[in-house]
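As structure tokens, the structure follows; a few thoughts come after it.
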Amino acid sequence: LDLAEQLLGELTAVPTVRRAAYAGSLRRMRETVGDIDLLVTSDRPEAVMRAFCELSLVARVLAHGSTKSSIVTRKGVQVDLRVVEPAVWGAALMYFTGSKAHNIRIRQIAVRAGLKLSEYGLFEADSGRQLAAATEEDVYARLGLPWITPTLREDSGEVEAALAGDLPRVVEERDIRGDLHVHTDLTDGVA
């Protein structure tokens, strides 16, 4: 998380970057994170990609494209960056945050409704007319779902719970009132 925040700090200093966030397993707060996925909006993606590949933390560039690049940091962590147009921020953030299984489940709902869902938005399948893309909330709402918090997007029953109007309330930092620390004498003495 600290590394992602540092990278986002450097990226938001790029003049053409409008919005930036981390996505993927890091945004879902998985116990283990294999790589860092970053998402940025910009009208000039080439300039963002050039700046990304030249960041101070870059040890090696794995791929450098016009809207997607991958690097390895000096700490040995792979970081993938996607740049999208500002108008599709919500759809892209939703797409690049959800687990593969969650995204498949959401796309199935879209297909059953005669729609097509991608990182570029929610579209009518027949006409190609865009219905939602600006925010995650808009895309979920157009699919008949409430917004699903990123930490639940694992296809572990969250879609069914959302459809039933029974999503669990997720513990947030403001809910924490204290800290509990306990020692036992079972393993390391009686300290």
Report task. Be a star and scan segment 35-63 for residues whose amide nitrogen sits under 17 Å from the point 7 Å along the Cα-to-Cβ vector of Q6. Result -> 35-38, 52-61
Query - Relative contact order, percent, segment 36-98 [alpha-carbon distance under 8 Å, six or more residues apart] - result: 38 percent
Query raised in the report: Per residue, how many Å² of accessible area does segment 1-109 show with a 1.4 Å probe?
Result: 48 Å²
Query raised in the report: Residues of segment 70-94 with amide nitrogen under 20 Å from the 7 Å Cα-to-Cβ point of A59?
Result: 70-81
Query raised in the report: Reachable aspartates and glutamates from K68, Cα under 12 Å, same-chain residues fewer than 8 places away excluded?
Result: D37, E46, D80
**Report entry** Span from the segment 82-122 Cα centroid across to the segment 1-42 one, whole angstrom
**Finding:** 18 Å
**Report entry** Carbon and sulfur %, accessible surface of the chain computed with the full protein complex present, 1.4 Å
**Finding:** 50 percent
**Report entry** Segments 17-28, 67-78 sorted - mean Cβ within 10 Å per residue, highest first
**Finding:** 17-28, 67-78
Query raised in the report: So how much accessible area does S66 have, in Å² to the nearest 10, using a 1.4 Å probe?
Result: 70 Å²
**Report entry** Equivalent-ellipsoid semi-axes of segment 1-149, from the Cα gyration tensor, Å, largest first
**Finding:** 28, 17, 12
Query raised in the report: Using 7 Å Cα-to-Cβ label points, what is the D175/L163 separation (nm, one decimal)?
Result: 2.5 nm
Requested in this report: Grab the alpha carbons of segment 100-191, take their convex hull, and tell me the volume per residue in Å³.
Outcome: 153 Å³
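The values are calculated or read from the model by the stated rules, or taken from the named source; none is laboratory data. All values derive from a computational prediction rather than experimental measurement. Heads up, the Cβs are rebuilt from the backbone with ideal geometry, glycines too, and the neighbour counts pull from every protein chain shown. What goes into the accessible areas is simple: the full protein's heavy atoms, side chains included, and nothing from ligands, DNA or RNA. Shrake-Rupley method; radii C 1.70, N 1.55, O 1.52, S 1.80 Å.
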